[in-house]
Every structure is written in structure tokens, then in C-alpha cells.
């Protein structure tokens, strides 16, 4: 199942997986693993850790597929969250290996060259998110991008951005409030 799969097809595959259908789970894996592996690689910067995170995430997806609720998130968003959480767990175990280099900036995470994460976000809801991210203050945008797309904890952000922890939390909170307003059309 190497062709592009719609959200509805992903929902059907996940629902069938939740009922123990191994063939559906295999097809779900085939349809999503490349994108999710790209996210793992981007967050962890090491192939071996990315493979480990992806494997653990798919085990988690298999065990919790029956708990998926479509009213809370799209299938790909739900799966991406599970993968991101596994990556964050691995980052906590090996934080010294994933330190931001002095000449790097995460403010360009939505660049024109589509990386694995950006390929995931080509759907209309994600385009809206990218547009709204562009309206944020640069420091709020950078803090949110580093936190949600690269797995940094608030404490790591404070250290990387040389800001007090309270400031980082405020930037993220205000940024998320602005994003919510923008996505709801309230801006």
C-alpha cells in the first residue's frame, strides 16, 4: 500500500487495527511509517534512535488503536503525537546528544524545502497552522517550534534560548493562544 492514503482510509485502517486486524495494521504501517520515521530522524538526529522510537510508537499504536477518538484529532495527528512522545522520551534519556548547535536556528522549521515533517503537513488544516505560525512573534514561534516539532522540554528551551523558565512558558502559552484564535478565525 505505497500509494497516498486519505484521512478516511487511515481512519478505517486504524479502526480495523483496533479490532485486531493485522493486515489493516500492516497497511497502516506501510502508509504512514515513512512520514513518521522522518519525524523521528528530525527530532533525534540518529537513525538507531529514530528506528527505536518508531518501533515503540507503532507497538503503542497497535495496543491503543481501539482508544482513538476521531472527534479529538485526525488519525495522522494522533499517530504523530504518539511518535513525538516516544522521541521526547528518548531525548530525555540522551539529552547530551541532541543539543542545538550555536549556528542553528529552529525559526526556519517551515522552510520552502519540504522535509519529512513538512510533507506530513501538506493537508489544508496544517497549511492553516503554518500560516498562523507565521503571524506569531518570532520568539513565540521559535519556542513553539522547538517544543512541539523538535521535542524540547520547557527547561531545555530556557537553556537553549538563554531565557528564564517563566518567560519560555509565557511565550508558549501566549503563542498557543494566538494560534488558537487564528485557527478559529478570530484574528
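The values are calculated or read from the model by the stated rules, or taken from the named source; none is laboratory data. Just so it is clear, the structure is predicted and the values come from calculations on it, not from any experiment. Don't worry about glycine lacking a Cβ; one is built from the backbone with ideal geometry, like all the others, and counts go over all protein chains shown.
Things to note:
- Residue that is modelled with pLDDT of 90 or more, in contact with a helix residue (DSSP H, G or I) (Cβ under 9 Å, 6 or more places away or on another chain) and surrounded by 12 or more Cβ atoms within 10 Å (Cβ to Cβ), where the choices are 100, 13: 13
- No other residue among 80, 32 is part of a helix (DSSP H, G or I), under 27 Å from residue 155 (Cβ atoms), touching a helix residue (DSSP H, G or I) at 6+ places or on another chain (Cβ under 9 Å) and modelled with pLDDT of 90 or more apart from 80.
- For region 65-77, the set of residues classified as surrounded by 13 or more Cβ atoms within 10 Å (Cβ to Cβ) and touching a residue at least 40 places away in the same chain (Cβ under 8 Å) consists of 65, 68, 74, 75, 76, listed by residue number.
- Members of region 44-58 that are assigned to a helix (DSSP H, G or I) and farther than 17 Å from residue 78 by Cα: 44, 47, 48, 49, 50, 51, 52
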